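The values are calculated or read from the model by the stated rules, or taken from the named source; none is laboratory data. All figures in this text were calculated on a predicted structure; none of them were measured in a lab. Cβ sites come from the backbone with ideal geometry, for glycine too, and all protein chains shown count toward neighbours. Note: areas computed on protein heavy atoms with side chains; ligands, DNA, RNA excluded. Shrake-Rupley method; radii C 1.70, N 1.55, O 1.52, S 1.80 Å.
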Amino acid sequence: MANRFFAAPSPHIHGGESTRRIMGDVVLALLPALAVSTYVLGWSVLMTTAIAVAGCVVFEYLIQRLFLKGGNTICDLSAVVTGMLLAFNLPVGIPWWIVLIGAFVAIGIGKMTFGGIGCNPFNPALTGRIFLLIAYPVEMTDWTSGVPDALS
């Protein structure tokens, strides 16, 4: 009798939704939090988010183009989600170049080193945050810049 059991990697059940659709839903779900944080903390939140998202998208594109020589996956919006989550984990007044370093670590080490979306053992945005916390502890723990109520 032939072996009738077959073990395959996940997903075992496919619902027909694309990665782009799911990541688009995540971006939509994050927009209210972005709006409230912009209202409470000021316009610099939008700048930090824009830099993080742009950095993640550019670094993913460059890593795929230069090192992996594979297909382009920046259109699936996973780099946008990583950038937004990274920005939500950073202080308000953090310098832009530190945000770019975090985006590079999140995509280059946290995501693409392990094979891209779905293959990473750790959340890429939190990987970038942990690296920044170790590398720049003063900047990463200064939550008072730009927020008047944080001083009281």
For the structure I just gave you, tell me whether residue 108 is crowded, with 18+ Cβ neighbours inside 10 Å, farther than 21 Å from residue 22 by Cα and within 14 Å of the chain's Cα centre (by Cα).
yes
Run down 83, 93, 128 and say which single residue is at pLDDT below 90 and open to solvent by less than 50 Å² (accessible area, probe 1.4 Å).
93
Hey, among the residues in region 41-55 that are at pLDDT below 95 and of a type outside the set (A, V, I, L, M), which one's farthest from residue 83 (Cα to Cα)?
42
When the residues of region 69-80 are filtered to those that are out of contact with any Gly (no Cβ under 8 Å at 6 or more places or on another chain) and over 21 Å from residue 31 (Cα atoms), which remaining residue is modelled with the lowest pLDDT?
70
Examine region 41-64 for a residue that is crowded, with 19+ Cβ neighbours inside 10 Å and of a type in the set (Phe, Trp, Tyr), and state whether such a residue exists.
yes
